[in-house]
Every structure is written in structure tokens, then in C-alpha cells.
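Working notes, beginning with the structure itself.
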Amino acid sequence: MTTTLTPAEPVKVPSRRSADLLDGVRRWAGALVGAVVIFSALLLVKGADPIAALGDMVASIFTSASIEQIAIKATPLILAAMAVVLPARTGLANVGGEGQVIIGAVCAAGVGLAFDSMGPVALVAMLVAGAAGGALWAGIAAAMRLTVGVNEAVTTLLLNYVALDVMLYLIYEPWKDPNGSGQPATRPLAVAARLPLIGTTAVHMGLVIALVAAVLVWLVLRGTAFGFRLGVTGGNPEAARRAGLPVKRLLLTAMLLGGALAGLAGVMQLAGVEFKLRPGLTANIGYIAFLAAWLARHKPLPAVGGAVLLAVISIGGDSLQLDSGLPAATVNVLMGLVLLAVLGWASKGTGKRTDALR
Amino acid sequence: MLFVDVLAGGVRGGTAIMFGALGETVSERAGVVNLGTEGCMLIGALGGYATAAETGSPWLGLLAGAVVGGLLALVHALLVIWRRADQFATGLTLMFLGLGLTSLYGATYVGKAAPGFAPVNVPLLADIPVIGEVLFRHDPVTYLSFVAAPALWWWLRNTKGGLLLRTAGERADVLHVHGYRPGLIRGRAVVAGGALAGIGGAQLSTAYAHAWFEGMTAGRGFIAVALVIFAAWRPIWVMAGSYLFGAALALAPALQARGYALNQFALDALPFVITLVILAVLGKRTLRAAPEELRRVFESAPSK
């Protein structure tokens, strides 16, 4: 069976590019329409009016407040999507974004709660601690893959649950805010240690950090020797080994960098949105970002687009809950369907069929 | 007795994981990883509970759990075999879809009562000290699982169907040479695996928890996937491993009932930590036992 964790796209002849692009757009549009049709059918079964629900959803997206919300939602998704893109270049499936985001937020909260009286210095320390925490968490899975050969998709998934329990323990016991009411949480971070806002908008500076990170990932993969080596390793590890590349070190580095990016996503959520550690802080960021990276077939800049698209869907999904009275997780159905449609019908990888599989 | 409580709880709580893991075994022996097992279990849990609530029959619920679990797995089969989509990405998406679908359709069943499976004491056997309490005072689905694992072992080993399935996982091209269609064999295996996972989910809601709530499988499907690896794809080891996890799950309430103040979150994380530790210890040894086609998926090596 193939796993289509493809490395760099093969070089295309320029004259075919526009035809390819058109073809791609057509396939994508078809996949999205298919997903929406199936989603409507599911809503009908539930007894909801799909046209009204989707209409409200679309209308709710195009208000200025929603656009700010989408930017805020997309910020950690972009970073966590890069955490999938980078390891994928070497053929590794990092499904542990969720856990790495959580541990990133936890490490940042640890530093922040101790030093937030120091203002921006603490913010910088939180960014560093969050990235380090995420890298460490991804490093466990990477180490298991490299030493005992256990598949990282399985270990990262399991680590997600462990990370959640670590966070819940801290929130419910040692870090619990004694003055808080209702749901347990840590005390809020001092205002000076939060991410500043961009101009007069409600959007925090994390968006800039996320976009810069995405461009850096793109540049590294596209234009550096390191990026090239990652691609060679992902394309054919055996060939890479024979060519004298340090395959293990490359795999480890890609995974650690990925974990660091996911950890940063956790810091964004903590220092830019929630300001305190609470259950449900990550809101499936890791999983949604995994889907976003897949939507873009692991290409960094399109993955930003994938993250924004899923951010749009999830903000639109709030309207499903408020206007149509459907459960909040309904939006997961739409996201899942979009991804399945793209995985199944927008892929190019089906041209060459292996006879053995027929 | 703590020991007996934990063991009996292990059998009770391990049953759902066992069905999930047996389903994953079927799928993986044919060469397909299904991370969507979590989703199949979840959708099976709702399908089983809802059907039991509507029809009044937990047995129909169990059947419905198998059907919806199998249907979700059919999506996986179509995408990874026919459209050659990535197995990990598709499986995880199915998990996501399962979460969403059960949330959409499950809201009306939260807190609603439904007839479920009650424990049935096996005559005579239930009176044996210790063994009786551990093995023979359970719900009928648990007794079904006592048969399911050995039956699967026997089927894989001794029947033509089992041989074809194993060959699809080891050397698919051989099947092709002999005029079989490996894709079809794999597809059937994936759907059957999903149905088994759905039964596991239905057991969880109608016999174990006697309730439906959102996300109730809580990672059991992923534990099942990991368990299959360290059980080296052997049904009998899967059975033993499932009880180990059931016991890890049963430890917390058993200790708390005796007044031990233990960290709830450490206990919640325990099954996942145990899985990781066992994978780290046994990983290399068991991976050598992996079906050949499956190993290619795990090592994400380019297929031939």
C-alpha cells in the first residue's frame, strides 16, 4: 500500500501549469461541493433545514468581528499545521499535535505564572518554554521510532491523552486558582505578559509569528540544503542512507522542530486567547491542524490556506450552534467530510494503479 | 478482595477494547491500518444505545453497532484501497467524523434510559471461588468475547478465508497471480474489523456504562490499535492485552472504593503510559512479526 507522504512535488513543465491549476481548482471545487451536499443530507436526517443552517453559517462569516475571530482561530492552526508539514517531508506522520500544543501551553503557563510580573521578558521566556515543551513531547515519539521502531502515528496519538491528563492534573491541583469560581483553571496571566494586539484590531501578534513561521518553513524546505535532505529522506530513506545522509538525525530534527512549532501554537492560545490554563484550552487544535496540513498535501503555504479554511468552517460552525441549535461538534462532521472528499477525490495520486491491488 | 475486583473489572472493562482490537487485528492482518477504530467504536456505541432505546432490545442494539461500525470502516476501505488515500490521515479523519456524527445524532440520547445487558451468572461456574467472580458473572457480550478471540485465531489459521486474508497482508501480489483480488479481500477485512469495533462500542454503552455520552470511548480505540502491535497481531495475545488494560481501568475505582486517595489524573493516564512503555520494551521484537504489507505502511516506505 502507498502512504502518500510525498516529498517535494516533481518539477513541472511551465506550459502545463495553467492546465494543472485549472484541473486542481475543478477537483477541489467538486470535493467541497460533494462535502457540503453530504453534510446537508445529514442535517436533513437530523430534521434541521440545511439551506437555512448553511445560509446562516455563510452570513455569519462575513462580518468584521467574524473576520477577526477567523484570524485568531487560524493562528494556532497555522503553527500546528507546520508541525505536521515539517515531519511529513521526511515521511513521518505527526498526529501528536494536540498533545504537543497542550504541553507547549503547560510549559508556557509554568513560566508565565512564575515570572509574569516581568512583562514582555516573561512573554519571550514563555515562547521559548512552550517551544521546548512541544519539542520534548514530540521527541518522545521520535525517540521511540528511532530506537525501537514503533510507528510515530501510534505513539503520538497515545501521548495526546497523557498530555491532557498532565494538564488536567496541574489545573485541578497544584496550579488551581484559589480565587477562581466555576470550572477549575489557573489564575490569569498579568496583562503585560500577554501577546499584544495588532493595531486597533482584536487580533493578537501571534498571527504575525505564525505567518513568519510558515514562510520560514517554506523557505527552509524550498531553498536550503537541510530542506533538500529532509525531502530526500522522505522520498527514499534507503537511498538517503546510502548517499551518506544522517537519516536518523534528520528524522529527529524534523520531529523536534515540528513539536516546537506545535508548542508555540499552545503559547499563542494561552498568551493570546485564553490567558489562563483551563480544560478545553486547545479545542482540538492539533487534530484540526493535522487535517489542514493534509488538505494542502503537506505544502507549507497552501497549508496556511488549509488552516484558514478550517478556521472559517469552525467560526461558521458557531452559527450552527447559535442559530440552528445544533450541537457544537456538528462542525467536526463538515470538517471530516471536506477532508475525506479531498483525500478521496481531489488527489492526484490515483493515476498509477498498482495491479496487485486490483 | 482488591485483587479479584481488579481482575473482574479487567474482564468487564476489557471487553470493549478486545472487540476493537480484534477488529483492528483482522484489518491489519490484511495489510490495512485503521486509526478510525476509535470512530467505529464511538459510532457503534451510539448506534447500539440508540437502537436499544428505540426497539427495547439490546441484542438488536449490538447488531446495529456492528452495522454502523462496519459502514464507517467501509468509507476507510473505499478511500485507502480504491482511492489509495493515506491510511493514517483517512483513519484519523474518520475518528473526527465519528466524533461529529455521534455528537449531532447523539444529543437526544444523553441521559435517556435504554434497556441494556445485565450480568448473567453462569450456573455452577459462577460459584467457583475467585475464578467464578472474575470470569463468570458478566454480561452476555463478554461471554461472546470469550469465544470471539479463539474463533478468530482458529479462522485465521485453518480456513481458506483466513489464508487469503493473511496473504493479502503478507504478499498481495501472490494473490493477484492466482486470480484473486487483494483489494476486495482487504476491503472485506476492513469492514469486518469495523463491525467488530462497533460491537465493542455497543458493549461499552449497553453493557458497561449503561449510558451514552459524547466521546465515551475516550481513546479506547487508539489503545486497541497499539495493543494489536504489541500483541504481535495474534488474537489470543490481544485477549490477554485487553484484560491488562481493563485491569488498569478498573484499578482506580477499586482503590478509591477502599478509601485510598490516589491521583485521579495519574490513574487516567495509566493505560496510555502502560501502552507506551510496553511498546518501547517489546516494539522491536514484535515489529518483526508484522505482516509484510503492513510493515511498509508503518515504515512509510514507498510501495513497490
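The values are calculated or read from the model by the stated rules, or taken from the named source; none is laboratory data. If you're wondering where the values come from, they're calculated on a predicted model, not measured in any experiment. Here the Cβ is made from the backbone with ideal geometry for all residues, glycine too, and neighbour counts use every protein chain on show. The accessibility values were calculated without ligands, DNA or RNA, using every heavy atom of the protein model including side chains. Shrake-Rupley method; radii C 1.70, N 1.55, O 1.52, S 1.80 Å.
Looking across B:Gly193, B:Gly215, one residue alone is within 12 Å of chain A (Cβ to nearest Cβ) and out of contact with any strand residue (DSSP E or B) (no Cβ under 7 Å at 6 or more places or on another chain). It is B:Gly215.
Restricting region A:330-345 to residues that are over 14 Å from B:Gly98 (Cα atoms) and open to solvent by 10 Å² or more (accessible area, probe 1.4 Å) leaves a set whose member that is modelled with the lowest pLDDT is A:Trp345.
Considering only region B:143-156, I want to know if a residue exists there that is assigned to a helix (DSSP H, G or I), in contact with a helix residue (DSSP H, G or I) (Cβ under 8 Å, 6 or more places away or on another chain), of a type outside the set (Phe, Trp, Tyr) and closer than 30 Å to B:Arg83 by Cβ. Checking region B:143-156: at least one residue is assigned to a helix (DSSP H, G or I), in contact with a helix residue (DSSP H, G or I) (Cβ under 8 Å, 6 or more places away or on another chain), of a type outside the set (Phe, Trp, Tyr) and closer than 30 Å to B:Arg83 by Cβ. If you check B:Gly44, B:Gly98 for being open to solvent by less than 10 Å² (accessible area, probe 1.4 Å), of a type outside the set (A, V, I, L, M, F, W, C), touching a helix residue (DSSP H, G or I) at 6+ places or on another chain (Cβ under 6 Å) and over 17 Å from A:Leu157 (Cβ atoms), only one passes: B:Gly44. List, please: which pairs have Cβ atoms under 6 Å, are six or more places apart or on different chains, and start with a residue in region A:145-157 that is more than 8 Å from every other protein chain (Cβ to nearest Cβ) and end with one that is open to solvent by less than 30 Å² (accessible area, probe 1.4 Å) and assigned to a helix (DSSP H, G or I)? From region A:145-157, the pairs are A:Arg145/A:Glu152; A:Glu152/A:Ala141; A:Thr156/A:Ala141.
Consider region A:134-144 and keep the residues that are more than 7 Å from every other protein chain (Cβ to nearest Cβ) and either free of Cβ contacts under 8 Å to residues at least 60 places away in the same chain or surrounded by fewer than 21 Cβ atoms within 10 Å (Cβ to Cβ) (or both). The one that is farthest from A:Pro188 (Cα to Cα) is A:Ala143.
In region A:227-235, is there at least one residue being within 12 Å of chain B (Cβ to nearest Cβ), surrounded by fewer than 21 Cβ atoms within 10 Å (Cβ to Cβ) and part of a helix (DSSP H, G or I)? The answer is yes, given that some residue of region A:227-235 is within 12 Å of chain B (Cβ to nearest Cβ), surrounded by fewer than 21 Cβ atoms within 10 Å (Cβ to Cβ) and part of a helix (DSSP H, G or I).
Scanning region A:310-329 for residues that are polar (S, T, N, Q) and surrounded by 21 or more Cβ atoms within 10 Å (Cβ to Cβ) returns A:Ser314, A:Ser319. Among the residues of region B:224-247, those that are part of a helix (DSSP H, G or I) and open to solvent by less than 10 Å² (accessible area, probe 1.4 Å) comprise B:Ala224, B:Val225, B:Ala226, B:Leu227, B:Val228, B:Ile229, B:Pro235, B:Val238, B:Gly241, B:Ser242, B:Phe245, B:Gly246.
Does at least one position in region B:260-268 carry a residue that is open to solvent by 10 Å² or more (accessible area, probe 1.4 Å), assigned to a helix (DSSP H, G or I) and away from chain A (no Cβ under 12 Å)? Looking for residues that are open to solvent by 10 Å² or more (accessible area, probe 1.4 Å), assigned to a helix (DSSP H, G or I) and away from chain A (no Cβ under 12 Å), one finds none in region B:260-268, hence no.
Taking first residues from region B:124-146 that are at negative phi and touching a residue at least 24 places away in the same chain (Cβ under 8 Å) and partners that are part of a helix (DSSP H, G or I) and open to solvent by 70 Å² or more (accessible area, probe 1.4 Å), the Cβ contacts under 7 Å between residues at least 6 apart in sequence or on separate chains come to B:His138/B:Arg12; B:Thr142/B:Arg12. A residue that is under 20 Å from A:Leu164 (Cα atoms), modelled with pLDDT of 85 or more and basic (Lys, Arg) occurs somewhere in region B:212-223. Of everything in region A:58-112 that is outside any helix (DSSP H, G or I) and in contact (Cβ under 8 Å) with a residue 12 or more places away in the chain, the residue that is nearest to A:Glu173 (Cα to Cα) is A:Gly96. Checked against the criterion of being crowded, with 16+ Cβ neighbours inside 10 Å, under 23 Å from A:Phe39 (Cα atoms), at the interface with another protein chain (Cβ under 9 Å from one of its Cβ atoms) and touching a Phe, Trp or Tyr at 6+ places or on another chain (Cβ under 7 Å), the candidates B:Ala85, B:Ala89, B:Ala107 yield just one match: B:Ala89. Consider region A:284-308 and keep the residues that are free of Cβ contacts under 8 Å to residues at least 60 places away in the same chain and under 12 Å from the mean Cα position of the chain (by Cα). The one that is farthest from the other protein chains (Cβ to nearest Cβ) is A:Gly305. Scanning region A:183-203 for residues that are under 23 Å from A:Ala71 (Cβ atoms) and in contact with a Lys or Arg (Cβ under 8 Å, 6 or more places away or on another chain), we see that the one that is most open to solvent (accessible area, probe 1.4 Å) is A:Pro188. Considering only region B:231-252, I want to know if a residue exists there that is within 30 Å of B:Leu104 (Cα to Cα), without any contact (Cβ under 8 Å) to a residue 40 or more places away in the chain and more than 18 Å from the chain's Cα centre (by Cα). Checked region B:231-252: no residue is within 30 Å of B:Leu104 (Cα to Cα), without any contact (Cβ under 8 Å) to a residue 40 or more places away in the chain and more than 18 Å from the chain's Cα centre (by Cα).
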